[in-house]
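Comments concern the structure below.
Values in this text are rule-based calculations from the coordinates and carry no lab data. The structure presented is a predicted model; accordingly, all values stated were derived computationally and were not measured. Reconstructed Cβ throughout: ideal geometry from the backbone, glycine too, with neighbour counts over all protein chains shown.
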């Protein structure tokens with residue numbers, strides 16, 4: 001009898017250790033997510049202190065007719081298409097460059113990582129000053145013969161790309177460190193053996209580094225895609241979604257509806273679509289890296 005009780009206790013012990021974390025996740029993540037899902041099918045009658053009214057799929061029908069939502073969805077996918085490939089490839093190149101045992105290399109690593117520790121509020125304000133009509137960037141271009149000032153943040157065609165530059169600048173060092181950890185786990189013997197077979201210089205990275213770094217590329221791809229989908233701070237600080245919604249993403253539009261217009265239910269509906277987009281992106285990334293022929 002005592003032995004059977006001990007076996008049962010040994011089986012449930014790991015779950016008892018996990019229970020506090022599960023409770024915290026349930027209270028802070030799972031329950032709010034479930035509540036937001038339910039709110040997507042309801043509507044407040046101009047008074048959020050009263051119980052919401054069940055309206056079924058009306059919020060989703062409204063979403064299909066919302067031209068601003070489709071514009072923000074396009075901007076979000078544009079952000080993904082431009083930012084994610086850059087943040088997957090460029091940090092890998094930086095990591096290869098700083099993965100050298102030479103004097104002073106630590107200073108270069110710190111320099112590349114410094115933007116990561118800078119607050120996005122500070123970075124956004126600084127870049128906004130650089131993008132001014134009389135800012136440093138236009139003055140720099142003027143010295144090279146460009147007489148016309150570029151409207152970095154006020155042109156509908158350029159604004160979102162100007163914000164993308166800040167996102168890329170801020171994330172390069174973070175993903176570089178992830179890649180650097182992977183590079184330092186690759187034995188030097190592999191490169192020495194490759195050099196004997198004639199694989200040296202840039203070719204050794206194609207033959208050895210990139211295949212062995214595949215799990216890290218997957219990780220960076222998923223993290224950067226999720227971060228690009230949820231981009232908010234730089235847009236809020238630099239453009240507020242303008243001009244004419246040209247730099248507004250789904251998350252920023254969700255924020256406007258929820259906290260400026262107090263349309264909590266409609267915002268929850270948009271939040272559900274963002275969740276589905278992130279889920280689909282994660283599945284595609286996993287499938288692609290598990291089977292590169294897909």
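Does a label point 7 Å from the Cα of residue 116, set along Cα-to-beta-carbon, have any residues of the range 223-237 with amide nitrogen under 20 Å, and which are they? Within reach of a label on residue 116, which here means backbone N under 20 Å from a point 7 Å along Cα→Cβ, the range 223-237 contributes 223-234. Estimated from the Cβ-Cβ distance and a Förster radius of 30 angstrom, the FRET efficiency linking residue 273 and residue 240 is about 0.85. Express the relative contact order of the range 189-294 as a whole percentage, based on alpha carbon pairs under 8 Å and six or more residues apart in sequence. Reported relative contact order: 21 percent. Compute the Cα gyration tensor for the chain, then decide on rounded, prolate or oblate, letting a ≥ b ≥ c be the square roots of its eigenvalues: rounded whenever a/c is under 1.5, prolate when a/b is larger than b/c in the other cases, and oblate in all that remain. The shape class here is oblate. In the chain, helical runs assigned H by DSSP with n ≥ 4 each contribute -39500 (n - 2.57); averaged across all residues and rounded to the nearest 500, the mean residue ellipticity at 222 nm is -21500 deg cm²/dmol.
What the Cβ-Cβ distance of residue 197 and residue 90 gives, at R0 = 35 Å and to the nearest 0.05, is a FRET efficiency of 0.75. For the chain, a Gaussian network of Cα nodes joined below 10 Å ranks 280, 102, 81 by mean-square fluctuation, and the top entry is 102. A straight chain from residue 125 to residue 81 at 0.36 nm per residue would run longer than the Cα-Cα distance by 13.3 nm. Using a Gaussian network model of the chain in which every pair of alpha carbons under 10 angstrom is joined by a spring, one finds that among 277, 68, 110 the greatest mean-square fluctuation is at 110.
When only C-alpha pairs under 8 Å and at least 6 residues apart count, what is the relative contact order of the chain, in percent? In percent, rounded to a whole number, it is 26. The stretch between residue 139 and residue 55 holds 24.7 nm of extra length on full extension. This uses 0.36 nm per residue minus the Cα-Cα distance.
Each Cα pair under 8 Å and six or more residues apart adds its separation to the average, and for the range 22-106 the resulting relative contact order is 13 percent. Between residue 188 and residue 146, full extension at 0.36 nm per residue minus the direct alpha carbon distance yields a gain of 10.3 nm.
Taking the number of Cβ atoms within 10 Å of each Cβ as an exposure proxy, the fewest-first ranking of 150, 264, 235 is 150, 264, 235.
State whether the range 1-130 is rounded, prolate or oblate according to the following rule on the C-alpha gyration tensor (a ≥ b ≥ c being the square roots of its eigenvalues): a/c under 1.5 gives rounded; otherwise a/b larger than b/c gives prolate, and the remaining case gives oblate. Here the range 1-130 falls in the oblate category.
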